[in-house]
């Protein structure tokens, strides 16, 4: 994947993380916070964050795999082509396994932190981490990305100050049907 695409992806993930954290609400700053509401907001924010992370990583894995397949298609030696394709598939599978482990670790860490919050508050609130609902919400997100100098020149924009474009998040995020298997 190109450097510009990776930086846009990183910017998109950072923006999604900020939105997820901001959507958790500011009730912690109140004198009498609504603990149940705060825990539910945290669940929703974590759902968005974990789903966005998974979709971005799946997209990167699939993009790299497709690039390797395209490179393999250019090989003239059939045996070498088969080996390259097998290695690309193996790499993709290993990256998906690693991602699955990372997601599991993040979820476990969140669960422990949430249990600690419940103990401190003296209440039990059922967890409502819902990746499916988060995935549906992410479809409506817009990514705001800075326009590069080259893009400004091509478009005839001569502004010195930064210029931004809005893009639907869907091309950056893998949809549920496109997730790497």
query = By per-residue mean of other Cβ atoms within 10 Å, what is the highest-first order of 107-119, 47-59?
reply = 47-59, 107-119
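When the chain is fully extended, how far beyond the present Cα-Cα distance does residue 87 get from residue 63, taking 0.36 nm per residue of separation?
Working: separation 24, 0.36 × 24 = 8.64 nm, distance 1.52 nm.
Taking 0.36 nm per residue and subtracting the Cα distance, the gain is 7.1 nm.
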key: Extension reserve of the residue 102-residue 144 stretch, reckoned as 0.36 nm per residue once the Cα distance is removed   = 12.4 nm
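At a 10 angstrom cut-off on C-beta neighbours, averaged per residue, how do the peptides 39-45, 61-67 rank from highest to lowest?
On the way: 39-45: 20.3, 61-67: 16.3.
Those peptides, ordered most packed to least, come out 39-45, 61-67.
Coordinate-derived values only; no laboratory data. Predicted model only: the values in this text are computed from it and were never measured. With ideal geometry, Cβ positions are generated from the backbone for all residues, glycine too; neighbour counts draw on all protein chains shown.
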